[in-house]
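Encoded as structure tokens, the structure appears first; notes follow it.
All of the numbers you see were taken from the coordinates with simple rules; none came from a lab. Small disclaimer: the values here were computed from a predicted structure and weren't measured. Every residue, glycine as well, gets a Cβ built from its backbone with ideal geometry; the counts of neighbours run over all protein chains shown.
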Amino acid sequence: MYDVVILGGGPAGYRAAERTAEAGLQTVLIEERQLGGTCLNVGCIPTKTLLNSAKTYAHIGDSARIGVTAQATFDLSAAMKWKTQVVGGLRKGIAATLKKRGVQIVDGRGMMVDRNAVQVGDTRYEGRYLVLASGSSPAWPPIPGIDSPGVVNSSQLLEISDMPKAVTVVGGGYIGMEFASFFALLGVPVTVVEMMDEIIPFMEPDLAALLRKSVSGVSYELGARVSQINEGSLTFERDGREQNVDSDLILISTGRQPNVDNLGYQANGLDVDRSGIRVNDFLETNLPNVFAVGDVNGRSLLAHTAYRMADVAASRILEKEGQGPAQRMRYEAIPWVVFTQPEVAGCGMTETEARQAGLKVTSHSFSLKISGRYVAEHPGENGSAKIVADASSGRIIGVQMLGSGVSELIFGAALMIENELRIKDVREVIFPHPTVSEVFRDAMWDMD
């Protein structure tokens, strides 16, 4: 019998394996496809690799204003080859780290067959602890004609071999907007069809509207419900009227759903609802010594949240083994990023959410152009940000930013929110000059 059996080799699964194995627990990790899960193989990493290629191409085309004149062409085949190389190298790195920690890796489809066991083929793997990390898959809504040629999900889009003439994106969330930005940067006309009244529903409305204006080459059909898909066209309804959009590639990006079916979860008594496997703040399920981490519990479908969940679950297991106190999962300071051009990022509450929670708030919106570094390196871009604080205590409770490079700044907001820093606390921090991070300090001096 193993100490820990882990089902799923994505960010949550392999991080949990690293943590338990390095603490001396005999750990086995079962993965059906490839180590790294969705994020590494068909999500975060390949999309950011392709986006970097597209952004580099666009920067060259817009470089004359800063004194650099050059011509560029975009080679989709070469970009895809580089993407494959990046993913493959990182996958080997994960395997090497797990091997170094002493984790046994099993290739195959696992099925939960008991409260402490997973079956792979004819082999049964039993453990004193079971960690379920089976991830999520792209949602596939019941739209008539969705199986027509030229209709793909985000995973399938990463394998295209020819550049489309026009693209329609169904869904204006972070996945849809990143791909919309990718094609638009390369000069491909893009239409985003979104059922809600605004894209990126967790953004401040004014920043979401600014993002739409900032991502050039994309048109939007908001408040639109897709009613029919045919090869080369899509029909949507709005205000009782039907309209058509023509394109040779249609991306369905209407979210993701936890992988909970046909894995033996419900049959063994796990509490599963529409969102995923139900867990507490230690990532424990309703079954003793069974944990669910990452996308499969539906609490926050982000790779960095999955890492943290794995740390918390491992700490709880180690506490049971007499190795220190357990950590607790907190969701108040989970940062998010949409890697469009320009990027958007946020952490904590929006102003509306804070007011709905009954808080008296103070907020401040400001331009990133107060940073000399930002102006010098991003000509023509109109970056913006908003900070929300509790008016009674001055505690910072939310930050959202729009602009190139904000993905590398938002961790600072997460630290502020997680550590309950106040406006006056951040005023005392020395930020390096000249960096865009200085906007945090400057903004604090403009807040009450």
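Some observations on this one:
- Summarising the strand pairing of the stretch 1-116, around 0 percent of its internal DSSP beta bridges are antiparallel.
- Counting neighbouring beta carbons within 10 Å and listing from fewest to most, the residues 188, 4 come out as 188, 4.
- Most positive-pole-ward Cα, 361, 387, 409, against dipole of the stretch 336-445 from beta carbon charges: 361
- Within the stretch 151-254, percent of DSSP bridges classed antiparallel, to nearest 5: 40 percent
- Chymotrypsin sites (Phe, Trp or Tyr not before Pro) within the stretch 307-404, DSSP loop, no more than 11 other Cβ atoms inside 10 Å: 331
- Dipole in debye (nearest 20) - the stretch 110-258, about Cα centre, beta carbon charges: Lys, Arg +1; Asp, Glu -1: 360 debye
- Helical mean residue ellipticity (222 nm; -39500 (n - 2.57) per DSSP H run of 4+; nearest 500) of the chain: -9500 deg cm²/dmol
- For a paramagnetic label modelled on residue 56 (point 7 Å from Cα along Cα→Cβ), amide N atoms under 17 Å away belong, within the stretch 70-99, to 70-90.
- Built amide H within the under 5 Å cut-off of residue 169, gap 5+: 191, 192, 193, 251
- Sequence-separation-based contact order of the chain, relative, with Cα cut under 8 Å and 6+ spacing, percent: 14 percent
- Rg and Dmax [Cα atoms of the stretch 395-448; Å; Rg one decimal, Dmax integer]: 10.6, 28
- Rounded to 5, the percent of DSSP beta bridges in the chain classed as antiparallel: 60 percent
- Cut-off of 10 Å, at most 13 other beta carbons, DSSP loop: longest stretch of the chain lacking such GluC sites (Glu not before Pro): 1-158
- When only Cα pairs below 8 angstrom with a gap of at least 6 residues are kept, the stretch 336-445 shows a relative contact order of 30 percent.
- Hydrodynamic radius (Kirkwood) for the stretch 1-99, which is based on Cα pairs only, to one decimal in Å: 15.8 Å
- On a per residue basis, the convex hull of the C-alpha atoms belonging to the stretch 336-445 measures out at 91 Å³.
- In this structure, the amide hydrogen of residue 137, modeled 1.01 Å from its nitrogen in the peptide plane, lies closer than 5 angstrom to those of 257, 259, counting only residues at least 5 positions away or on a different chain.
- Summing Cβ point charges (Lys, Arg +1; Asp, Glu -1) relative to the Cα centre of the stretch 336-445 gives a dipole of roughly 320 debye.
- Directionally averaged shadow of the chain, computed from the convex hull of its alpha-carbon atoms, nm²: 23.7 nm²
- Ordering 387, 423, 66 by the number of other Cβ atoms within 10 Å of each residue's own Cβ, fewest first, gives 66, 423, 387.
- Exposure proxy ranking for 234, 318, based on other Cβ atoms within 10 angstrom of each Cβ and starting from the fewest, stands as 318, 234.
- Exposure rule at most 13 other beta-carbon atoms within 10 Å, DSSP loop trypsin sites (Lys or Arg not before Pro): the chain longest free segment: 1-164
- Plainly put, the stretch 260-318 has a radius of gyration that is 0.95 times its Kirkwood radius, both from alpha-carbon atoms, as the Rg/Rh ratio.
- Test item: Cα-centred dipole of the chain, Lys/Arg +1 and Asp/Glu -1 on Cβ, debye: 900 debye
- Backbone amide hydrogens, once placed in the peptide plane, bring residue 233 within less than 5 Å of 247, excluding anything fewer than 5 places away on its chain.
- Where only C-alpha atoms are counted, convex hull volume of the stretch 142-266 per residue in Å³: 129 Å³
- Partnerless Cys - the chain, beta-carbon criterion under 4.7 Å: 347
- Lys/Arg +1, Asp/Glu -1 at C-beta; the stretch 151-254 dipole; positive extreme among 220, 169, 234: 220
- Taking a straight Cα-Cα cut-off under 24 Å and skipping sequence neighbours fewer than 8 places away in the same chain, the lysines within cross-link reach of residue 81 are 48, 55, 92, 165.
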